[in-house]
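Everything on this sheet refers to the single structure shown next.
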Amino acid sequence: MRSLDLEGRAVPIEAGDTIASALHRVGVRIFSRSFRHHRPRGLYCLTGDCPNCLVTVDGEPCVRACVTAARPGHRVVRENAWPSVERDALSVLWQLRLLFPVGFYYKTLLRPRFAWRVAEPLVRRVAGIGTAPLERPPAHREARHHHADVLIAGGGSAGVAAALAAAEEGERVVLADEGGLDERLAASLRSSGNITVLERAAVVGIYEGPLVPVDGEDMLHLVHPARVVVATGAVEQHLPFRGGDLPGVWLGRGAARLVREHGLLPGRRVVFAGATEEGLEHLAVLVAAGVDLAACVVPASLASSVSPGVRVLADGEVVEAHGRSGLSAVVLAAGGRRETIRCDALVLSVGLSPRDGLARQAQGLPVETVGDAGLSQSLPPVASRGFVCLCEDVAAPDLEQAWNEGFRSTELLKRYTTATMGPCQGALCEPHLRAFVRGRAGEGALSARTTARPPVRPIRLEDAAAGVHFAVEQRTALHERHLELGARMEWSGDWKRPESYGDPPAEYWAVRREASVMDVGTLGKILVAGPDATAFVERIYPCRVADLEPGQVRYSLLLNEAGYVFDDGVVCRLDDGYYLTFTSGGAEQAEAWLRDWAETWGLRVHIVNRTHGLGAINVTGPRARAVLETLGAAAVDGDSIPFPSQRRLHVAGVPCLALRLGFTGELSFELHHPRSEGMRLWDALLDAGATPHGLEALRLLRLEKGHILVGQDTDFDSTPAKLDLPWAVRMDKPDFVGKPALERIGGISLTQRLVRLAFDSAAPPEGALLIAGSRRAGYVTSSRFSPVLGHGVALGWLRRQDDSFPDAVVADGTSGRVVAEAFYDPTGSRLRA
Amino acid sequence: MGLRIVCPTCGSRQYTEFWFGGEVPDPGEEEFERVWLRSNTAGLQRERWFHYAGCRRWLTVERDTRTNEIHAVA
């Protein structure tokens, strides 16, 4: 037998069943417990508008049972109750409701101070509906773009008529409906070649463009229409009265749908309260299905239309409903008399509210409303009892209280009481909220409609992210090798890089004493060539470039137009152009920046981003040369490839561009090679005796040399002068990016500069305050204990005090002094070895 | 937002394929104004967009900052 599982109990499914109808058939009447007071709630609208039937399906919370087709094997759990919705211990909150008035968290639990800290975890546990499935990985959903002339939201009679009319005019139409379409209407749409029909696909919102996201069953449809037609119809008006939220109280359309589509009855003994012609049709459906109609409350004008034999209370009203876990009786009033009638269902058809949230959020866009969605909102009488907002459990007295506290407009009441902010987004409660305010403040700005915003229908976060294909994690060719070596990986921009291979001190010593390798394939790598390449590069960089001979390299800063450092790297002169490197993660930005200037200046250059095509491995340490020689590299002596320079080498048979640089402070060869050869080269280097080091070792190695890391040690407005790198800028060049700005600010004396700090013993933590005398003088940006020197080394920003910069500071209890040169090997003899 | 830009090389594309590069300064503007001052136009503005997920070219786009309507792309 086909069945779904409800909390361990098998529930049979019949053809055409929704989860709601399947559960109703086996006698389930309580579908959830309410948001704040844990009141029992049952089926009410059956059109996907109210919050009552939100259940967890296969671990996914807040699924609308009434519009979700039942499938065999569905695991359904009802929400917001413990231990079960039938006997919910938390329903005590309804008895304690005076302790938790609207906005209680603004005014209770404030004193003593610890009260909120104790209460907060409890409140957070109890509050809210459903539980987000944290253990489930989010599904990757696809998105599809549709380029149409017109999008129609809603496949009722108005929507279908609009679709056919537009198709007749030759327009390409997309029609989306949250449920399935009526078979006859669907056939007429399919016979037109111009109409795409999306069923079980909810229009979520209308954005600028217009862009209309439609949440389909298997994908997100992104529709880009020239115009939008909103034909979402109307929802029957909610009616607040005491007990009006009990299971057994129905909206007319819901009750009629239950009979027509599923052959089920809302109850055995029914009381009907209606005020519309449509309501009488629903009544006829119920009567034909064989319910026992106990009484019928209608306006006198409709009394004659009710079938004979039914007890009619003309011009009567519903006063209140009784029952504990479901409706047992209603109290009606008519002609000044009250009477209690036993029943198990109360069906309401008192008016319509347009479902116009979509149209209202699209002001200024080409959006037209047709059918019931375009009805003007007629406000109901002001409610004095009962729940105005079912989603957030806001009752009429709560509005009264908030009003008396001074929240005297629809928008203020909405924010303070959260009425209209639940899953129904005001579909049921907004007319009552406005009627309440209009009753006190009259027509006008105070009782204006609240702002409609997307989403109008609930949407999963994974649906909102559908179609996102950005590679959020970039990996070098050696990623697998790092993992095999037990590396702890960390983020570095969009890249994943080894933080360490488990022992940063050992990795550090391998660089200082032996030979070590690091994967630096993440560096930005860009080739520039063409007839104007030299002129272009000369104008881009603040250092001299035109005097470089093939084989030479130069370190340079990159400045923006304001003269601020935003990146650094090296310039390599090749025979036929320039090879430029940038910091890891800086390549994309650098490429856009280079292209911008090439175009602005109208220079003839080719710019090729080689970041992903080339790998790079830095071989560093006193034994680095020996390692390369073992692997057959010829002419790696200090004369053939001195510091700093570059040349082509074959290492282990892999063709490389070797850059003789020295970020670590030791003899170094940075081997740039085709990415496809990366693993071969890496394996050969390890076989030849080099061990790998990660970022943590590198941070210490470079800090001992006093090298900056752009981004860590620099600020957005760091000029070369502030960084104490004036030699990196040639102000005698005719022009370079940022030169006019540097000239302008060159005359202003420095108030801040980045300095190297040697500490007597331990290293202060990064971010520590620098104290000079008894005054604050700046802060530490990078700091480590140097094993080779035996004391703390740091970089930090110092402020000028009076007329000079202090040269002695204290940070975190340790005294330090400003040093002019690199901490380690200030003469650079090890680099030049 | 559904803003679309008709790239001369790639065709009509979602704006998320582009990086915004700021307004195009007037030719007469001095360096100081170009670097430091923004006109913050309410209306038609010429601006630069980089098509990073497409042809990787810089485009000059004329956009109405009040309506996000795009009038010209070059």
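Here the ratio of the Cα radius of gyration of the stretch A:163-214 to 2.2 N^0.38 Å is 1.19. Counting Cβ atoms of other protein chains within 10 Å of each residue's Cβ and taking the mean over peptide A:211-223 gives 1. Among the residues of B:3-12, the average count of other protein chain beta-carbon atoms within 10 Å of the residue beta-carbon is 1.
Extension gain for A:Ala143 to A:Arg832 (0.36 nm times residue separation, less C-alpha to C-alpha distance): 242.4 nm.
Assuming a ≥ b ≥ c are the square roots of the Cα gyration tensor eigenvalues, decide whether the stretch A:342-457 counts as rounded (a/c under 1.5), prolate (otherwise, with a/b larger than b/c) or oblate. Oblate, because a/c is 1.5 or more while a/b does not exceed b/c.
Counting neighbouring beta carbons within 10 Å and listing from fewest to most, the residues A:Lys107, A:Lys722 come out as A:Lys107, A:Lys722. Judged by the gyration tensor of its Cα atoms, with axes a ≥ b ≥ c, the stretch A:276-401 is oblate; a/c meets the 1.5 cut and b/c is at least as large as a/b. Rg over Rh for the stretch A:438-496 works out to 1.48, using Cα positions for both radii and the Kirkwood form for Rh. Here the peptides A:491-499, A:239-247 are ranked by packing, the mean other Cβ count within 10 Å, and the order with the highest first is A:239-247, A:491-499.
The overall shape of the stretch A:1-146 is prolate: from the C-alpha gyration tensor, with semi-axes ordered a ≥ b ≥ c, the ratio a/c is 1.5 or greater and a/b exceeds b/c. For the stretch A:672-806, the relative contact order comes to 22 percent (Cα pairs under 8 Å, sequence separation of at least 6).
Relative contact order of chain A: 8 percent, from C-alpha pairs under 8 Å at least 6 residues apart in sequence. Taking every lysine pair in the protein assembly as shown that is 8 or more places apart or spans two chains, those with Cα atoms closer than 19 Å amount to 4. Inter-chain neighbour count for A:590-600: the average number of beta-carbon atoms from partner chains within 10 Å of each residue's beta-carbon is 3. Label separation (B:Trp19 vs A:Ser676): 2.9 nm, computed from points 7 Å beyond Cα along the C-beta direction.
Normalised by 2.2 N^0.38 Å, where N is the number of residues, the C-alpha radius of gyration of the stretch A:612-749 stands at 1.30. Ranked by the mean number of other Cβ atoms within 10 Å of their residues, highest first, the peptides A:335-342, A:366-373 come out as A:366-373, A:335-342.
Evaluate the Debye formula for chain A with equal point scatterers sitting on the alpha carbons, no solvent, and hand back log10 of I(q)/I(0) at q = 0.07, 0.08, 0.11 Å⁻¹, in q order, two decimals. Summing over Cα pairs of chain A leads to -0.77, -0.88, -1.12. In the stretch A:153-226, Cα pairs under 8 Å separated by at least six residues give a relative contact order of 24 percent.
Sorted fewest first by neighbouring Cβ atoms within 10 angstrom, A:Phe114, A:Phe407 come out as A:Phe114, A:Phe407. Label sites at B:Ser12 and A:Ala465, each approximated as a point 7 angstrom past Cα along Cα to Cβ, lie 3.0 nm apart. The order of A:Leu603, A:Leu703, going from fewest to most other C-beta atoms within 10 Å of their C-beta, is A:Leu603, A:Leu703. The charge dipole of chain A, taken about its Cα centre with unit charges on the Cβ atoms of Lys, Arg (+1), Asp and Glu (-1) only, comes to about 2260 debye.
No value in this document is a laboratory result; all are computed from the given coordinates. As the structure is a prediction and not an experimental result, all values here were calculated from the model. Every residue, glycine as well, gets a Cβ built from its backbone with ideal geometry; the counts of neighbours run over all protein chains shown.
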